[in-house]
Each structure stands twice: as C-alpha cells, then as structure tokens.
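Undergrad: Have a look at this one before I ask anything.
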Amino acid sequence: MVGVFAGLVVVGFRFLIDLGFEWIFNSTWSVARWLFLVLPAFGALLGYLLIKRFDSLEHARGTDSAILAYHRRHGYVPPAVLPIKSVASVLTVASGGSAGYEGPVTLLGASCGSIVASWFNLSRRERRILMTAGISAGIAALFQAPLAGAIFGFEVLYSSSDIEYDCILPCFVASTVAYTIFAYFFGWGALFPMPTDIAYSNGLRLLPYFVLALIVTFGVRFYISCYTSVENSFGEMRIPGWTKVVLGGLVTGLIGFLVPEILGTSYPVIRRTLTEQLTGQTACVLLVVIFFAKAVATSFTVGSGGSGGVFAPAIVCGGALGGAVGIFFARVLPVSWGVHPAAFALVGMAGFLASAIRTPLTAIVMVAEMSGNHQLIVPAMWVCGISFWLNNGWTLYRSQPHNRDASPIHE
C-alpha cells in the first residue's frame, strides 16, 4: 500500500515538476536571461510563504526532517506535507533555485508511510518501518533506481555504516511497486544514460581513482562547511524569515547569471559529463567552476530557508569534480591506461554521494542504475569506501545519529 501511494504521489510530483519548468524556467529563459537575477528570490519567497501558513510544516526541510521524524517523532510526518511541500519545492527549483527534488520527495514518501500507519492505527515501531518504506519508494521512483532507493531508506538513518534491519524487506517491496507505477508513466530507461562500453578493465586505473577519492573527500568537506556556515549565519540573523529566503535567492540569482549551469537541478551538467567526450583545459576549468558555484548557490538557496534538497546538488558536484579529474588524467597519462573522463564523472558522483550523506551502498548502486552502466562498480566501491572512511564525522544531515546506540528508539 505504501508503494502504491508513494508511487502515485511521485508521479503527480513529477508532472508538477515538468509543468513548473515549462511555465517558469523555460519560458523565462526564452524571454531574458537577466530575469534570473531576481527569479530565484521570487520563487523561494513564494515557497516560503506557502509553507509558513502551516505551523506543522515550518521545519519540514526534506531528508533531514524525515530522519528526525524517524528518531525523535515516532515516525510521524504531517499529511499536509504532500500538497504544500510539493508546490513549494517546485516554485523554488523551477524558478532557478539551486536545489534538488530528492529532499522533498523523501519527505513526501515518509508522509505516505506515516499516513498509511495512521489509517490502520499501527504501533510506533510499525509506523517507523512504513515511513522508511515510503522514503525508499519515493527515491526509487523519482531517480528510476529501485534497488538504490530501497537501500537508501534503511541506510540514510545513520552517519555510520549502521542500518535498520527491520526495514530492509519492506523497503524492497515498496520500492518495487513505486518504481513500477512511475515507469508506466515516464518510461523504464535510466535517468542519465551513458555508453555501456566505458568499463573498468585496467588495474592501474585504481591509482588515479585513489587521487579522485582524495579530491572528493576535500570537495565534500568544502560543500558541507559552506552549507552549514551559510545555514548557521542565516539562523543567527535577527530578520524575518521571508527576508532570509529573498537574500539567499538573490545570491543564487547572481551566481546563476554568471554561471547559468548551476540554476535549478543542473541535470544537464550530469548528462554532458556522462555522454560527451569532454577534453581540454577549458572544459576542466569550467567543471571546477561549476563545482564551487553549485556548492555555494545550493548553500544559499537551501541554507536561507528555501524548499529543496541537497542530495541532487551533491551528485552534480561529484560529477563535476570527477569529470575535471578525468580530463586531467586523460591528458597526462598514457593512452594505454584507458582513462575516460565520463567514467571518472560517474565514479565521482558515487564517491561524493557516499561521503556527503553517509550512504555508500546507495551511492554505488544508484550511479549504476541512473546511468545504465554497471561496468564501473569496482572503481565506485574503491572511491566510495575511501571517501566514506576519510570523512567520518562529516555529514550534510544533522539529524543523523552516528549509530543505533545513539538513537533514542534503541535506548
């Protein structure tokens, strides 16, 4: 039931996303690029005012709120999350805000599980299980990655390698159903298809991949430090909340005017790094610029109170860093090593995701499912393992306990 419910909700959310981008983003871009100096602020303001009307949603931020609900609120997520959070997130991101839809969809899925538990008057433990199944179902559908979505639900709850064992099979079932429903409307293909002939076939490549793991490690630290600093700074400001989101939106608009690739979800950046043969110093520098610009813009969009997620921007940042490293090694290493920038972009996405949100298993599987290329799982394991270990204690989600012993539900 949670899988059906969440699948239909995500289908409606996706239609809303497509409608928002067509009406707001594409139509505005065709009129005048300079409008994006102010449009992100306007969209974030509308989203903020919409959520502000509902007291129960004031702190409904996304994945972090879902994790908090699991550990501190007995798995309860307000039903009003479904319509209000959906519209607010589309207004923020479709107007150019640098954020993702996975945070809102995580909360939408969690709300589906919580609502079903309320229908049947289930226990707190059962509510938590259905809530995680809803989280998995939402991610599985939106990212068209059923196995990765299933793993995400029971892995994202802790910043260590601990998982919630009771939730594994429910997450598998709900993800399967939700993904199937979503695919009937939007197709069965991969979200970011890339050539499947790009494979890991030379052990020497583990050396440049090790360098990539180190760069990803410090890239994640920059992203997290930037986001938490901006969020804390806005939290300390003694000004109205609507003023904060407007300021954050204006900064995002200025960055987006200079680097338009960072506006919205930035999915075209991922598609380019995975499908085009990027070469040359200019492409390398551009990807590095996109990484820093995306990290800062996301920090101001979401850290100021805008409605959106930090999960998808982490994928973009990882892909940009990985692509830049791949271009560099393709230029300096012998051709016999077979270094392909697209492979480094994909593995960089996995490593960044594993390290930033503490979900290595999800990251390894997700990049394979999202790209349709399962030939790079070995280097993804290598980079994810190293970056996850080196960034122990760093996470984008403040509500994540370190392990099961630190969660109040296991006292």
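The values are calculated or read from the model by the stated rules, or taken from the named source; none is laboratory data. Just so it is clear, the structure is predicted and the values come from calculations on it, not from any experiment. Here the Cβ positions follow ideal geometry from the backbone for every residue, glycine too, while neighbour counts run over all protein chains shown.
Undergrad: Among the numbered conditions (1) closer than 25 Å to Ser65 by Cβ; (2) modelled with pLDDT of 95 or more; (3) of a type in the set (Gly, Ala, Ser), tell me where Ser160 comes up short.
TA: In the conditions (1) closer than 25 Å to Ser65 by Cβ; (2) modelled with pLDDT of 95 or more; (3) of a type in the set (Gly, Ala, Ser), Ser160 misses (2) alone.
Undergrad: A follow-up question, please. What's the number of the condition Glu231 fails, among (1) over 30 Å from Ile129 (Cα atoms); (2) surrounded by fewer than 16 Cβ atoms within 10 Å (Cβ to Cβ)?
TA: Among (1) over 30 Å from Ile129 (Cα atoms); (2) surrounded by fewer than 16 Cβ atoms within 10 Å (Cβ to Cβ), the lone unmet condition for Glu231 is (2).
Undergrad: For residues in the stretch 306-341 being surrounded by fewer than 24 Cβ atoms within 10 Å (Cβ to Cβ) and part of a loop (DSSP other than H, G, I, E, B), which is modelled with the lowest pLDDT?
TA: If we take residues in the stretch 306-341 being surrounded by fewer than 24 Cβ atoms within 10 Å (Cβ to Cβ) and part of a loop (DSSP other than H, G, I, E, B), then Gly338 is modelled with the lowest pLDDT.
Undergrad: Still on this model: What is the one condition in (1) more than 15 Å from the chain's Cα centre (by Cα); (2) in contact (Cβ under 8 Å) with a residue 12 or more places away in the chain that His410 does not satisfy?
TA: (2)
Undergrad: Let me ask you something else. Looking at the stretch 24-52, I want the residues that are under 18 Å from Gly308 (Cα atoms) and have a partner that is of a type in the set (Lys, Arg) and surrounded by 15 or more Cβ atoms within 10 Å (Cβ to Cβ) with Cβ atoms under 8 Å, at least 6 apart or on another chain. Which pairs are those?
TA: Ile51/Lys85
Undergrad: Has the stretch 203-222 got at least one residue that is closer than 30 Å to Trp34 by Cβ and part of a helix (DSSP H, G or I)?
TA: Yes, that holds for at least one residue.
Undergrad: Test Val77 against the stated conditions and say whether it is within 18 Å of the chain's Cα centre (by Cα) and surrounded by 18 or more Cβ atoms within 10 Å (Cβ to Cβ).
TA: Considered against the rule, which asks whether it is within 18 Å of the chain's Cα centre (by Cα) and surrounded by 18 or more Cβ atoms within 10 Å (Cβ to Cβ), Val77 comes out as no.
Undergrad: Mind checking whether some residue in the stretch 353-368 is buried (at least 23 other Cβ atoms within 10 Å of the Cβ) and more than 21 Å from Phe218 (Cα to Cα)?
TA: yes
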